[in-house]
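Shown next, in structure tokens, is the structure this report addresses.
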Amino acid sequence: MARITIPRRIVPKKLLRSVEVSLANAGMPFSGLEWISIWLIISTVLFGLVALIFNIFIGLAAFIVGLAAMVMIPTMRADKRKAMIEDSLPDALHHMAVAVRTGLVLESVIQEISEAEYGPLSEEFARITLEIRKGRPLKEALLAFAKRTRSKDVQRIMRLILEGVE
């Protein structure tokens, strides 16, 4: 599949960074440039079709709505993902407590959670496991996860887990 991107110098750095953070928080597999490019194309086509059918002003409104969707979709998906992570957190914490009581080290417990059925939380724990295998310190990997989720509960729990490990 060919990747569609617009030149990086056209997109304001602040917008690009904001979109990339939103996409990462939403767990969406696009780069910021790809996402912006896709939505510019969609918005332009939408503008053309609506302008032909109705008039140019309604077409312009459709273009603006398309651009707004570029920002809103990842934000809404990130919020949904955060809620799913928060909902599965109590069960995962219970699972972790049982695993630690059996003698597993934290890295193994994280791996076990990544293989369980906790939805986006398992995906995030799989990412943590991968980061640790690539050499990222456990503390950094857990704090990065907490930051990605934008959840105060997750941030608090990760800090408590790290305090327990230290």
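The values are calculated or read from the model by the stated rules, or taken from the named source; none is laboratory data. Keep in mind it's a predicted model, so treat the numbers as computed, not measured. Note that we place each Cβ from the backbone using ideal geometry, even for glycine, and neighbour counts take in every protein chain shown.
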**Q.** Candidates 109, 100, 65, filtered to the one that is more than 20 Å from the chain's Cα centre (by Cα) and closer than 19 Å to residue 22 by Cα
**A.** 65
Q: Could you tell me whether residue 103 is not assigned by TED's automatic domain parsing to the domain that holds residue 144 and not acidic (Asp, Glu)?
A: no
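Looking at the range 125-166, which of its residues are assigned to a loop (DSSP other than H, G, I, E, B) and surrounded by 13 or more Cβ atoms within 10 Å (Cβ to Cβ)?
Here is the first cut: in the range 125-166, the ones assigned to a loop (DSSP other than H, G, I, E, B) are 134-137, 150-151, 166.
136, 150, 151, listed by residue number.
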Q: From 88, 122, 114, 108, grab the single residue that is farther than 17 Å from residue 27 by Cβ and assigned to a helix (DSSP H, G or I).
A: 108
